[in-house]
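*Asks:* Let me begin by handing over the structure; questions about it come next.
The values are calculated or read from the model by the stated rules, or taken from the named source; none is laboratory data. What you are looking at is a predicted structure, and each value in this text was computed from that prediction instead of being measured. In this analysis, Cβ positions are derived from the backbone assuming ideal geometry, glycine residues included, and neighbour counts consider all displayed protein chains.
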Amino acid sequence: MKVAVKLYAVLRCGRFKEKFLDYPSGTTVGDVITDLKLPPEHVDILLVNDTHVDFEHLLEENDVLSLLPMVEGG
Amino acid sequence: MRFLTDKPAVEPASVLYRRCTVDLKNGDMQMGEVPCLNLEDVLGGFGRSFQLLEKREICDAYVDENPLIVNVGLLTGSHVMTGMRTYFSGYSPIKGSRKGLPAAMWSAGSGKFGAKLKWTGLDEIIFENRSDQPVYMVIREGNDGPVVELKPAVHLLGLTTHEKIMSLQKEYDDAHFAVIGPAGENWQNVYAGAVALSTENQLKSKEDKSRFAGRGGMGSLMGYKNVLALVAQSNDKLGSTPEPVKKANVNVIKGGGSARLQPIKRGGGGGTWAAYEVLQAFHAVPVNNFRPQGNDIPERLFRSRVEKSYEIKSEACYRCGITCHNNIYKRKEDGSAGEFLAKFDYEPLNLLGTNLGLHETEQAAALIHLCDNYGMDAITVGVTVAYVLSYNERHPQTPILNGITFGDFDGIRRLVELTGQGKAPEIGRGSMRLSVDLGETGYAYHVKGLELAAYQPETNPGYIWAIAGGHMSMGTYGMLAREGKTDTKSWVEAITQDKLQIVGFDMIGLCKFFDIVKGIGTAMVVDCLKAEHGVIVTEQELKDAVKRAFLRGMALEFRQGYDKDEFCLPAEVTESPNPNIKMPMLTTPEFLAELNEKVWEVFDREMQELL
């Protein structure tokens with residue numbers, strides 16, 4: 001199945017901004033994070049089609065997965 | 001601090017801190033050891049200062065009876081990473097109730113002054129009354145304890161914060177400094193004066209890289225008292241780091257807690273600046289007085305854009321491995337770093353950049369530089385200027401303050417300069433007073449008189465219950481973006497339990513980045529306290545002390561005349577919902593009414609014995 005993956009902020013470094021990727025059905029958000037070798041300590045906000053999900057969320061054909069780091073103030 | 005017990009939560013009176021009370025009217029000083037009343041007294045910072053403030057009946061910030069309390073936390077000056085905090089407390093010139101009474105307030109800053117102060121042997125200074133001549137205070141370590149002296153400061157008058165620090169550095173070796181700028185000196189017209197704290201980097205590089213205790217106008221209160229600077233002179237007191245603290249420090253750096261704040265080249269997230277990119281994904285970066293437009297305009301101040309033309313150096317506070325500072329320099333022809341421009345943190349960058357319609361690096365940097373050098377809170381100044389720009393947009397035929405508009409850099413810069421010089425009280429006295437004078441309060445982005453940090457109120461109803469500024473005293477500002485929670489139960493729990501724990505860092509002497517998610521009620525802090533001071537405190541005792549201190553702060557708000565209807569977001573948020581923000585709309589009248597009812601159910605009950 002095709003999934004659009006969008007990366008933000010530091011997660012883009014050395015990777016990409018947006019890409020369509022092929023995954024087998026049954027793929028979870030966590031699987032994509034592992035596949036892209038994203039540092040887990042930086043992946044904080046997980047959105048599928050603009051809705052918050054968790055690492056175990058099952059992806060579906062044409063989903064848009066957005067991965068963002070934590071928002072932090074100081 | 002002197003510990004005659006190893007159980008400070010059970011026997012707080014057996015913990016003594018050293019306090020110097022100075023009567024600025026006649027120069028009298030009283031030095032003594034004070035037994036603690038409870039664990040929050042032991043921890044220090046606002047946990048202690050608010051217990052003194054609640055004993056005073058203060059009707060105006062600028063009266064002699066309003067003390068300025070300067071203190072540190074239990075872990076300030078310790079081996080624990082980020083243990084650099086100094087706290088300034090008093091009744092605030094800027095934060096106040098509709099009845100006109102000033103609110104109790106504290107402000108915290110890093111830099112090395114706090115550690116140096118602690119190493120002189122002094123834990124707290126209380127300034128009473130005011131001096132009729134400008135003075136500065138020198139605190140030294142003597143053979144029999146700290147030695148304190150007041151000195152004439154006429155030669156410092158009018159100097160910027162950086163100039164004052166550079167001037168004092170020539171006179172005092174091995175010292176660090178806390179100073180006000182021209183804004184604080186012009187306290188009559190600037191209620192948003194900040195206190196600048198010197199850093200090692202600043203003293204070595206001679207560049208204006210102070211840290212700031214910015215919120216609440218504590219620099220203006222210091223200016224009212226005619227105290228222009230504090231000098232803490234002592235040897236550095238850190239020997240080898242105890243093993244448990246070493247372990248905690250490594251955990252702070254490598255355990256993931258601070259990873260997002262560390263330099264990108266070290267695999268980190270690049271400091272608070274990264275919030276620009278995260279919030280822009282939701283179109284929730286404040287633009288033109290907190291009205292995001294649903295376009296890509298905030299991207300012009302993204303780090304990836306800025307670093308194409310400027311050098312960005314990752315630098316740190318003394319002995320801090322988090323290295324969260326992003327200092328911006330002009331780039332020389334040979335590609336090396338040239339002139340230092342400013343430090344880019346998310347809040348000042350947004351509020352003196354995108355939220356004013358300014359999208360050029362050097363323009364935002366120039367305004368940050370001005371606020372730093374005049375010694376003003378960038379948040380209050382930025383938000384109040386944004387209010388003026390939005391007013392002029394709504395009233396093109398009858399604008400105020402020379403009719404400046406969003407994006408008018410020259411006009412805005414001039415207004416910021418005039419503010420720092422005390423010549424633009426409309427800005428210097430903050431958005432609450434200006435909006436009341438103009439009769440358009442709904443567009444003023446403050447809660448309870450203190451301007452909002454750079455997080456859209458639509459995303460953070462927790463602002464309403466913050467007791468000392470929206471992002472430093474209520475950790476809900478990123479909750480909607482991070483968790484997407486839209487049910488009242490989650491928000492009530494966050495506001496009344498977990499997210500208020502952020503204020504614990506403003507007691508104990510550590511920066512919030514030590515563990516911003518969990519607060520100070522953790523095994524890591526318990527281990528550090530045992531290793532540093534030999535005391536045994538539980539995680540729950542720490543959490544309970546933080547909660548009591550928070551509730552005391554809220555009770556003090558009511559004591560200073562706040563009505564519950566002042567606990568509210570700016571009216572524009574509910575009256576004219578912004579359709580561009582791509583997050584669930586939390587701030588409907590219905591949601592806010594339900595949240596109010598449920599949060600007050602908890603806080604009313606918990607505050608009962610404090611009111």
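*Asks:* Step by step: first the residues of the stretch B:198-225, then only those that are of a type in the set (Ser, Thr, Tyr) and in contact with a helix residue (DSSP H, G or I) (Cβ under 7 Å, 6 or more places away or on another chain), then the one that is nearest to B:Lys330 (Cα to Cα). Which residue is that? Give the derivation first.
*Replies:* Filtering the stretch B:198-225 for residues of a type in the set (Ser, Thr, Tyr) gives B:198-199, B:205, B:210, B:220, B:224.
Then drop every residue that is not in contact with a helix residue (DSSP H, G or I) (Cβ under 7 Å, 6 or more places away or on another chain), which leaves B:198, B:210, B:220.
Details: B:Ser198: 23, B:Ser210: 19, B:Ser220: 32 Å.
Filtering first and then ranking leaves B:Ser210.
*Asks:* Of everything in the stretch B:324-339 that's crowded, with 19+ Cβ neighbours inside 10 Å and in contact with a strand residue (DSSP E or B) (Cβ under 6 Å, 6 or more places away or on another chain), which residue is nearest to A:Ala9 (Cα to Cα)?
*Replies:* So the first thing to find is which residues in the stretch B:324-339 are crowded, with 19+ Cβ neighbours inside 10 Å, and the list is B:324-328.
From what is left, the residues that are in contact with a strand residue (DSSP E or B) (Cβ under 6 Å, 6 or more places away or on another chain) are B:325-328.
Details: B:His325: 17, B:Asn326: 15, B:Asn327: 18, B:Ile328: 18 Å.
Taking the candidates together, the pick is B:Asn326.
*Asks:* Scan B:Gly45, B:Gly83 and give me the residue that is surrounded by 15 or more Cβ atoms within 10 Å (Cβ to Cβ) and over 23 Å from B:Pro102 (Cα atoms). Even if it seems obvious, please write down each step before you answer.
*Replies:* Working: B:Gly45 fails: over 23 Å from B:Pro102 (Cα atoms).
Among B:Gly45, B:Gly83, only B:Gly83 is surrounded by 15 or more Cβ atoms within 10 Å (Cβ to Cβ) and over 23 Å from B:Pro102 (Cα atoms).
Residues checked against (1) within 11 Å of the chain's Cα centre (by Cα); (2) modelled with pLDDT of 95 or more; (3) within 14 Å of chain B (Cβ to nearest Cβ); (4) in a loop (DSSP other than H, G, I, E, B):
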| site | (1), (2), (3), (4) |
| --- | --- |
| A:Gly26 | no, yes, no, yes |
| A:Val32 | yes, yes, no, no |
| A:Glu56 | no, yes, no, yes |
| A:Glu60 | no, yes, no, yes |
| A:Leu65 | yes, yes, yes, no |
| A:Met70 | no, no, yes, yes |
| A:Gly73 | no, no, yes, yes |
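*Asks:* Just to be sure I understand the filter: pairs with C-beta atoms under 6 Å, separated by 6 or more residues or on different chains, first member in the stretch B:345-365 and closer than 15 Å to B:His471 by Cα and within 11 Å of another protein chain (Cβ to nearest Cβ), second member part of a helix (DSSP H, G or I) and at pLDDT below 95. Which pairs pass?
*Replies:* Note: pairs meeting the criteria are B:Asp345/B:Thr272; B:Tyr346/B:Thr272; B:Tyr346/B:Trp273; B:Tyr346/B:Ala275.
*Asks:* Got a number for residues in the stretch B:458-479 being modelled with pLDDT of 95 or more, within 14 Å of chain A (Cβ to nearest Cβ) and not in a loop (DSSP other than H, G, I, E, B)?
*Replies:* Going through the stretch B:458-479 one residue at a time, the tally reaches 3.
*Asks:* Among residues belonging to the stretch B:564-595 that are of a type in the set (Val, Ile, Thr) and either assigned to a loop (DSSP other than H, G, I, E, B) or within 13 Å of B:Thr459 (Cβ to Cβ) (or both), point out the one that is farthest from the chain's Cα centre (by Cα). Break it down into steps so the answer makes sense when it comes.
*Replies:* Just the residues of the stretch B:564-595 that are of a type in the set (Val, Ile, Thr), to begin with: B:573-574, B:581, B:587-588.
Remaining after also requiring either assigned to a loop (DSSP other than H, G, I, E, B) or within 13 Å of B:Thr459 (Cβ to Cβ) (or both): B:573, B:581, B:587-588.
On the way: B:Val573: 24, B:Ile581: 27, B:Thr587: 26, B:Thr588: 29 Å.
Checked the stretch B:564-595; the qualifying residue farthest from the chain's Cα centre (by Cα) is B:Thr588.
*Asks:* If we scan the stretch B:286-294, do we find a residue that is among the aliphatic types (A, V, I, L, M), within 14 Å of another protein chain (Cβ to nearest Cβ) and either buried (at least 24 other Cβ atoms within 10 Å of the Cβ) or more than 30 Å from B:Lys25 (Cα to Cα) (or both)?
*Replies:* Filtering the stretch B:286-294 for residues among the aliphatic types (A, V, I, L, M) gives B:287.
Right, trim to within 14 Å of another protein chain (Cβ to nearest Cβ) and you get none.
No, the stretch B:286-294 contains no residue that is among the aliphatic types (A, V, I, L, M), within 14 Å of another protein chain (Cβ to nearest Cβ) and either buried (at least 24 other Cβ atoms within 10 Å of the Cβ) or more than 30 Å from B:Lys25 (Cα to Cα) (or both).
*Asks:* For the stretch B:497-531, give me each residue that is assigned to a helix (DSSP H, G or I), surrounded by fewer than 20 Cβ atoms within 10 Å (Cβ to Cβ) and under 24 Å from the mean Cα position of the chain (by Cα). Write out each step before concluding.
*Replies:* Taking the stretch B:497-531 first, the residues assigned to a helix (DSSP H, G or I) are B:497-508, B:512-514, B:523-531.
With surrounded by fewer than 20 Cβ atoms within 10 Å (Cβ to Cβ) added as a condition, the list becomes B:497-498, B:523, B:527, B:530.
Across the stretch B:497-531, the qualifying residues are B:Gln497, B:Asp498.
*Asks:* Let me ask something additional. Output yes when any residue across the stretch A:6-24 is surrounded by fewer than 18 Cβ atoms within 10 Å (Cβ to Cβ), more than 8 Å from chain B (Cβ to nearest Cβ), under 20 Å from B:Ser304 (Cα atoms) and aromatic (Phe, Trp, Tyr), and no when none is.
*Replies:* Yes, because at least one residue in the stretch A:6-24 is surrounded by fewer than 18 Cβ atoms within 10 Å (Cβ to Cβ), more than 8 Å from chain B (Cβ to nearest Cβ), under 20 Å from B:Ser304 (Cα atoms) and aromatic (Phe, Trp, Tyr).
*Asks:* If you check B:Glu557, B:Glu597, which single one turns out to be surrounded by fewer than 19 Cβ atoms within 10 Å (Cβ to Cβ) and either out of contact with any Cys (no Cβ under 9 Å at 6 or more places or on another chain) or basic (Lys, Arg) (or both)?
*Replies:* That would be B:Glu597, the only listed residue that is surrounded by fewer than 19 Cβ atoms within 10 Å (Cβ to Cβ) and either out of contact with any Cys (no Cβ under 9 Å at 6 or more places or on another chain) or basic (Lys, Arg) (or both).
*Asks:* Restricting attention to the stretch A:34-54, and to residues there that are in a strand (DSSP E or B) and buried (at least 17 other Cβ atoms within 10 Å of the Cβ), which single residue is farthest from the other protein chains (Cβ to nearest Cβ)?
*Replies:* Let us first name the residues in the stretch A:34-54 that are in a strand (DSSP E or B), namely A:45-48, A:51-52.
Imposing the further condition that a residue be buried (at least 17 other Cβ atoms within 10 Å of the Cβ) reduces the set to A:45-48, A:52.
Numbers: A:Ile45: 6, A:Leu46: 9, A:Leu47: 8, A:Val48: 11, A:His52: 3 Å.
If we take residues in the stretch A:34-54 being in a strand (DSSP E or B) and buried (at least 17 other Cβ atoms within 10 Å of the Cβ), then A:Val48 is farthest from the other protein chains (Cβ to nearest Cβ).
The rows are residues; the columns are (1) at pLDDT below 95; (2) over 24 Å from the mean Cα position of the chain (by Cα).
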{"residue": "B:Ser309", "(1), (2)": "no, yes"}
{"residue": "B:Thr323", "(1), (2)": "yes, no"}
{"residue": "B:Ala342", "(1), (2)": "no, no"}
{"residue": "B:Leu349", "(1), (2)": "no, no"}
{"residue": "B:Thr354", "(1), (2)": "no, no"}
{"residue": "B:Thr361", "(1), (2)": "no, no"}
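*Asks:* Out of (1) surrounded by fewer than 23 Cβ atoms within 10 Å (Cβ to Cβ); (2) out of contact with any His (no Cβ under 9 Å at 6 or more places or on another chain); (3) under 30 Å from B:His325 (Cβ atoms), the odd one out for B:Asp544 is which?
*Replies:* The single condition B:Asp544 does not satisfy is (3).
*Asks:* Find the helices (runs of 4 or more DSSP H) located wholly in the stretch B:340-434 whose residues include 3 or more that are surrounded by fewer than 24 Cβ atoms within 10 Å (Cβ to Cβ), and list them. Talk me through it step by step, then tell me what you get.
*Replies:* Numbers: elements: B:346-351, B:361-374, B:378-394, B:409-420, B:425-428.
Where helices (runs of 4 or more DSSP H) fall fully within the stretch B:340-434 and carry at least 3 residues being surrounded by fewer than 24 Cβ atoms within 10 Å (Cβ to Cβ), they are B:361-374, B:378-394, B:409-420.
*Asks:* Filter the stretch B:305-330 for residues that are in contact with a helix residue (DSSP H, G or I) (Cβ under 7 Å, 6 or more places away or on another chain), within 12 Å of another protein chain (Cβ to nearest Cβ) and not aliphatic (A, V, I, L, M) and give the result.
*Replies:* Scanning the stretch B:305-330 gives B:Cys324, B:Asn326.
*Asks:* Still on this model: Between B:Glu333, B:Glu339, B:Glu277, B:Glu299, which is more than 9 Å from chain A (Cβ to nearest Cβ), without any contact (Cβ under 8 Å) to a residue 40 or more places away in the chain and closer than 21 Å to B:Gly382 by Cβ? Explain how you work it out, then say what you get.
*Replies:* On the way: B:Glu333 fails: closer than 21 Å to B:Gly382 by Cβ; B:Glu339 fails: closer than 21 Å to B:Gly382 by Cβ; B:Glu277 fails: more than 9 Å from chain A (Cβ to nearest Cβ).
Sole residue among the options that is more than 9 Å from chain A (Cβ to nearest Cβ), without any contact (Cβ under 8 Å) to a residue 40 or more places away in the chain and closer than 21 Å to B:Gly382 by Cβ: B:Glu299.
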